[in-house]
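Data block below; observations after.
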Amino acid sequence: MLFNSYTFIVFLLLVLALHYARLSWTVKKVNLLVASYLFYALWNPPFVILLWLSTVVDFFVGKKLYEIENPSRRKVLLVISLVVNLGMLAFFKYGNFLLDNFIVLSSAVGFEFNPARPDIILPVGISFYTFQTLCYTLDMYKRKHAPENSLLDFSLFVTFFPQLVAGPIVRPGELIPQFKKPHYANREQFVKGALLLSLGLFMKVVMADTMLAGPADMIFGATQSLKAIDAWLGVLAFSGQIFFDFAGYSTCAIGVAAMLGFHLPDNFKYPYAAIGFSDFWRRWHITLSTWLRDYLYIPLGGNRKGETRTYINLMLTMLLGGLWHGASWTFVVWGALHGIYLCIERILKARFAAVNQLRQSNQTVLMEKEQAFRASLVPAFMSGKKTQQFLLALFTFFLVNITWVFFRAADFNTAGRMIASMFGFDEKGIALMPTIDMIKVGVVTFLLVSTHWFMRNSSVWQLAKKTKWWIVAIVWSLLLFALVLSQKSSDSFIYFQF
């Protein structure tokens with residue numbers, strides 16, 4: 001079931017009616033669990049079995065991991081959970097990818113292997129709920145908190161429908177305690193949830209699908225080189241599309257949960273205003289980046305085992321983060337680029353820190369003259385800290401767009417052709433994008449980056465609370481009106497394929 005469908009609106013109204021009916025809290029939790037299974041089953045009912053399997057295995061394995069003292073038995077139990085969860089993920093998501101690469105490798109060594117290609121259907125959201133259940137098992141292995149005794153509460157944690165198929169990826173300690181006692185939205189929380197749901201649908205339906213999907217598909221679907229302006233606008237269109245699509249889903253999920261009285265963590269905080277790539281990953285897909293940090297980067301050693309190991313750990317984390325997004329080498333390259341950016345940023349920060357320390361310890365006349373000379377070379381309008389930060393944010397956005405080429409391109413030929421077109425390496429590029437689309441992408445990109453910059457330390461709800469109610473009402477009405485007009489052009493969310 002899609003958030004951006006009239007079916008979901010009816011579904012949500014029924015869920016809200018049952019949630020606020022005069023029923024016991026246990027019955028209401030059962031209603032939420034049944035609704036969550038129904039929400040997921042409408043894509044492909046048999047895949048609910050995978051949810052049940054992950055739920056049952058991790059619930060009982062988690063209990064035993066916490067109770068048993070024998071190290072060997074605890075490791076066996078952990079392996080069972082990893083094999084079940086990662087095994088399902090590997091088969092359904094990476095089965096064809098692994099087979100294709102094995103065939104290529106076999107051919108390279110002179111062995112011809114041509115098996116029948118299996119017809120594997122990717123279960124929606126399997127990457128998200130696998131990571132969510134895995135963090136529970138890993139927490140139990142480390143005994144971070146007591147195990148959950150209620151199978152109902154744990155099942156609801158695994159399958160809670162607002163964030164089931166595309167996040168945010170929620171930790172056990174963030175969601176399970178909310179199921180322990182009745183949760184209902186007060187008036188402010190319900191209005192906030194409804195506003196966020198409306199905004200999320202607007203981001204998805206109007207901005208991602210209606211405004212940007214067409215230009216992005218046109219440019220990335222081109223079979224020959226393009227003019228630089230066309231290539232760049234195509235990449236910018238996808239950059240906006242994927243933000244509005246994925247952040248739109250997360251905003252919807254947070255809004256629906258709020259209308260039910262529950263809190264989900266933020267997943268996006270204006271990432272295109274990020275100053276550097278560490279900041280970018282503190283703002284983009286926050287729940288995934290923190291998951292990778294806590295369950296992969298830190299266990300690998302983090303930054304505790306010297307600089308060389310730190311860079312290796314960064315690269316491994318981002319490479320696996322890229323592979324998590326999709327079973328293709330283009331996603332691996334996307335992750336590798338982010339890893340390289342993070343490593344370079346870390347090196348530069350260390351160098352600048354050393355230079356600043358040297359300057360502080362050597363307050364000489366020579367240094368003062370050097371600073372004065374360097375300052376004279378900087379135009380007055382660039383001398384402010386805010387301006388420098390804005391320029392760094394633009395440079396970060398520029399580099400992020402290069403990575404999006406590999407994320408969106410179907411193969412390396414397409415990615416290579418796009419990169420060559422963007423930087424003018426091919427003089428035979430053609431003009432493909434209509435003028436109206438060029439204007440549309442340019443205006444949306446300008447408004448997107450500007451909004452991210454001015455809102456980078458705020459939130460929509462904070463802004464709404466400071467704004468006069470009638471202005472909020474007018475803007476909200478316009479969002480709903482645009483939604484109704486654009487509904488026919490809407491499609492499924494991009495991250496459903498991950």
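Divide, for region 21-183, the radius of gyration over alpha carbons by 2.2 N^0.38 Å, where N is the residue count.
Cα Rg divided by the expected 2.2 N^0.38 Å: 1.22.
Across 10 Å bins from the origin, how do the percents of Cα pairs in the chain run, short distances first?
Spelled out per bin, shortest first, that is 4, 16, 26, 27, 18, 8, 3, 0.
How big, on average over all directions, is the shadow cast by the Cα convex hull of region 106-197, in nm²?
Dividing the Cα hull surface by four gives the mean projection, 10.9 nm².
For M455 paired with A41, estimate the spin-label separation in nm (one decimal), with each label point 7 Å from Cα along the Cα-to-Cβ line.
About 3.7 nm separates the two model spin labels.
Could you run the Karplus curve 6.51 cos²θ - 1.76 cosθ + 1.60 with θ = phi - 60° over region 323-330 and give me ³J(HN,Hα) per residue in whole Hz, x for Gly and Pro?
Computed from phi, the couplings for region 323-330 are 5, 4, 6, x, 8, 7, 5, 5 Hz.
Please give the contour-minus-distance gain from V34 to M1: 0.36 nm per residue of separation, less the Cα-Cα distance, rounded to one decimal in nm.
10.5 nm
Positive end of the charge dipole of the chain (Lys, Arg +1 and Asp, Glu -1 on Cβ, about the Cα centre): tell me which of V124, A273, L319 has its Cα farthest that way.
A273
Highest first, please rank the peptides 176-186, 310-320 by the mean number of other Cβ atoms sitting within 10 Å of their residues.
So the peptides 176-186, 310-320, ranked by packing, come out 310-320, 176-186.
So what J values fall out for region 302-311 if you push phi through Karplus, 6.51 cos²θ - 1.76 cosθ + 1.60 with θ = phi - 60°, rounded to Hz, Gly and Pro as x?
Per-residue couplings from phi come out as x, 10, 8, 10, x, 5, 4, 5, 4, 5 Hz.
State the answer as a single residue: which of F59, P45, V10 lies farthest towards the positive end of the charge dipole of region 1-71, with beta carbon charges of +1 for Lys and Arg and -1 for Asp and Glu, about the Cα centre.
V10
Using alpha-carbon pairs under 8 Å, 6+ residues apart, how would you state the relative contact order of the chain in percent?
The normalised contact order for the chain reaches 20 percent.
Amide H neighbours of L226 under 5 Å, at least 5 residues apart or on other chains, H built in the peptide plane: list them.
Amide H neighbours of L226: S421, I430.
Sorted by mean Cβ packing within 10 Å, highest first, what order do the peptides 200-208, 138-146, 69-77 take?
Ranking, from highest mean packing down: 200-208, 138-146, 69-77.
Only four residue types carry charge here, +1 at the Cβ of Lys and Arg and -1 at the Cβ of Asp and Glu. Report the dipole size of region 175-243 about the Cα centre in Debye, rounded to the nearest 20.
Computed about the Cα centre, the dipole is about 480 debye.
Just to verify a number: FRET efficiency for I347 and I120, C-beta to C-beta distance, R0 = 56 Å, to 0.05?
0.85
Mind listing the long-range amide H neighbours of G125? Cut-off is under 5 Å, sequence gap 5 or more, other chains count too, H placed in the peptide plane at 1.01 Å from N.
F498
Please tell me which of these pairs span more than 25 angstrom C-alpha to C-alpha: K227/K440; K192/K468; K142/K192; K227/K349?
Flagged as over cut-off: K142/K192; K227/K349.
Output the direction-averaged projected area (hull surface divided by four) of the convex hull of the alpha-carbon atoms of region 202-335, in nm².
Average projection, Cα convex hull of region 202-335: 10.6 nm².
Once you wrap a convex hull around the alpha carbon atoms of region 73-126, what is its projected area averaged over all directions, in nm²?
5.2 nm²
How large is the dipole of the chain about the Cα centre if only Lys and Arg carry +1 and Asp and Glu carry -1, each at its Cβ, rounded to the nearest 20 debye?
The dipole magnitude comes to about 1640 debye.
Please report, in debye to the nearest 20, how large the charge dipole of region 21-183 is about its Cα centre when each Lys and Arg carries +1 at its beta carbon and each Asp and Glu carries -1 there.
Here the size comes out at about 700 debye.
To check my understanding: the extent here is largest minus smallest coordinate of the Cα atoms along each principal axis. What are those three numbers for region 35-75, in Å, largest first?
43, 16, 7
At a Förster radius of 22 Å, what calculated FRET efficiency corresponds to the Cβ-Cβ distance of I471 and D266, to the nearest 0.05?
0.35
How many nm separate the modelled label positions at K386 and F102, each set 7 Å beyond the Cα in the direction of the Cβ?
5.9 nm
Among L288, G95, N401, pick out the residue whose Cα is farthest towards the positive end of the charge dipole of the chain, where Lys and Arg carry +1 and Asp and Glu carry -1 on C-beta, about the Cα centre.
L288
Calculate one ³J(HN,Hα) per residue across region 198-209 by plugging θ = phi - 60° into the Karplus curve 6.51 cos²θ - 1.76 cosθ + 1.60, and present them in order as whole Hz with x for glycine and proline.
Each residue's phi maps through the Karplus curve to give 4, 5, x, 5, 4, 4, 6, 6, 7, 6, 6, 7 Hz.
Values quoted throughout were computed directly from the atomic coordinates according to the rules given, and no laboratory measurement underlies them. None of these values were measured; they are calculated from a predicted model. Counting neighbours? That spans all protein chains shown, and the Cβs are built from the backbone with ideal geometry, glycine included.
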